[in-house]
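For reference, the structure is listed below as structure tokens.
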Amino acid sequence: MKDKDTFLQNAGINTRLSHIGNSPSDFHGFVNPPVVHASTVLFPNARTMELRDQKYTYGTRGTPTTDALCEAIDALEGSAGTILVPSGLAAITVPFLGFLSSGDHALIVDSVYGPTRIFCDTMLKRLGVEVEYYDPLVGAGIEALIKPNTRLVHTEAPGSNTFEMQDISAISTAAHRHGCVVTMDNTWATPLYFKPLDHGVDISIHAATKYPAGHSDILMGTVSANAAHWEQLKEANIQLGICGAPDDAYQVLRGLRTMGVRLERHQESALAIAHWLESREDVVRVLHPALPSFPSHELWKRDFKGSSGIFSFILAVDRPEKFKAKAHAFLDALRIFGLGYSWGGFESLALHVNLNDRRISKAPPEGPVLRLQIGLEDIADIKADIERGLAAAKEA
């Protein structure tokens with residue numbers, strides 16, 4: 001197995017995805033690890049039980065199935081350890097609870113995933129944590145916002161719904177000068193296209209619900225830490241009693257095998273649709289960081305190896321009072337696109353973005369923002385469906 005690990009370090013990404021996180025020789029030659037359903041684990045004697053002196057001690061602390069997925073994620077992230085939790089939101093809330101205490105100050109990017117903001121504004125504040133939102137474009141300027149009690153800086157790149165890029169390396173460097181923990185929601189890019197720990201992030205967060213699972217049927221989050229923060233993250237997870245289910249871990253591990261080729265297709269199709277939308281008069285702007293026209297494109301180009309299948313565009317609408325009606329007309333006319341909040345699956349999805357919670361990165365004034373998840377369908381059919389929506393919006 002050691003020879004295989006060494007070989008895989010220099011292999012291509014699809015080769016690595018096909019072989020990480022499994023060891024057939026450990027399971028009688030079967031290619032995939034078994035699904036181990038476990039709560040109780042037995043000990044051979046009282047002393048072993050007292051010292052917990054064996055690999056597995058209780059179901060919440062890992063099984064061969066969940067370990068296989070954690071090992072695969074560690075191989076992709078370059079992390080010291082990974083925990084599995086039941087959702088992408090839990091992947092954010094667990095490290096927040098693990099590293100923040102009453103009286104601490106946390107800096108949260110204003111383009112953050114909406115449910116993260118709700119958690120910060122409710123539970124974190126109730127627990128006595130001071131929360132402050134910052135401009136996603138702040139870069140090294142974040143140092144001016146750091147207080148003596150700042151303990152955590154949370155980043156997300158690109159930002160939810162409006163896709164602003166952040167200078168993760170500059171933010172991490174400034175935060176570390178003051179002893180802050182840096183966390184990052186990297187769900188959009190996955191570790192295939194951006195590796196947060198290589199850019200100074202301490203804790204990398206993913207909604208494995210999205211591209212790792214890939215089939216719109218699993219809820220799971222992964223949290224991966226560098227060596228300096230792994231033990232505290234692991235202990236927080238144990239204390240909270242939160243764990244990923246073995247059946248879900250097996251499904252995500254299976255999804256990883258095809259994530260590389262799926263992401264290539266998502267990227268190709270999304271860029272084709274984004275470029276096409278840019279050429280249309282009924283579209284004001286396309287919010288996709290891989291487009292040269294996007295304001296923070298150079299940051300994306302410098303740091304990222306690729307782009308995924310989700311982006312937004314601003315529909316051209318002449319009066320604000322028509323924003324919602326036009327957006328709803330567009331959505332209601334779609335037939336291939338589903339109307340749903342998630343993304344990362346095989347099917348195309350669309351929604352009207354609500355940016356009313358923003359403090360700094362306000363909603364664009366030119367028109368409603370519509371977010372598209374470009375799935376694995378044929379590009380010609382996706383285009384035809386969007387044209388149907390645009391025609392309906394025009395008539396509304």
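The values are calculated or read from the model by the stated rules, or taken from the named source; none is laboratory data. If you're wondering where the values come from, they're calculated on a predicted model, not measured in any experiment. Positions of Cβ are generated from backbone atoms using ideal geometry, with glycine treated the same way; all protein chains shown enter the neighbour counts. With ligands, DNA and RNA removed, areas are computed over all heavy atoms of the protein, side chains included. Shrake-Rupley method; radii C 1.70, N 1.55, O 1.52, S 1.80 Å.
Computed quantities for the displayed model
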quantity: Residue within segment 66-77 that is among the charged types (D, E, K, R) and more than 21 Å from residue 235 (Cα to Cα) present; calculated: no
quantity: Qualifying residue in segment 319-326 (condition: assigned to a loop (DSSP other than H, G, I, E, B) and free of Cβ contacts under 8 Å to residues at least 60 places away in the same chain); calculated: yes
quantity: Strands (runs of 3 or more DSSP E) wholly inside segment 136-217 that include at least 3 residues being of a type in the set (Val, Ile, Thr); calculated: 150-156, 181-185
quantity: Test for residue 284: is it of a type outside the set (D, E, K, R), touching a helix residue (DSSP H, G or I) at 6+ places or on another chain (Cβ under 8 Å) and either at pLDDT 95 or above or open to solvent by less than 60 Å² (accessible area, probe 1.4 Å) (or both); calculated: no
quantity: Test: residue in segment 379-395 that is assigned to a loop (DSSP other than H, G, I, E, B), open to solvent by less than 10 Å² (accessible area, probe 1.4 Å) and in contact (Cβ under 8 Å) with a residue 24 or more places away in the chain; calculated: no
quantity: Yes/no for residue 172 being within 30 Å of residue 244 (Cα to Cα) and open to solvent by less than 10 Å² (accessible area, probe 1.4 Å); calculated: yes
quantity: Single residue of segment 327-361 satisfying the filter (aliphatic (A, V, I, L, M) and outside any loop (DSSP other than H, G, I, E, B)) that is surrounded by the fewest Cβ atoms within 10 Å (Cβ to Cβ); calculated: 339
quantity: Qualifying position, being part of a loop (DSSP other than H, G, I, E, B), touching a residue at least 12 places away in the same chain (Cβ under 8 Å) and among the polar types (S, T, N, Q), among 308, 312, 269; calculated: 308
quantity: One residue from 126, 117 being under 30 Å from residue 347 (Cβ atoms) and surrounded by fewer than 21 Cβ atoms within 10 Å (Cβ to Cβ); calculated: 117
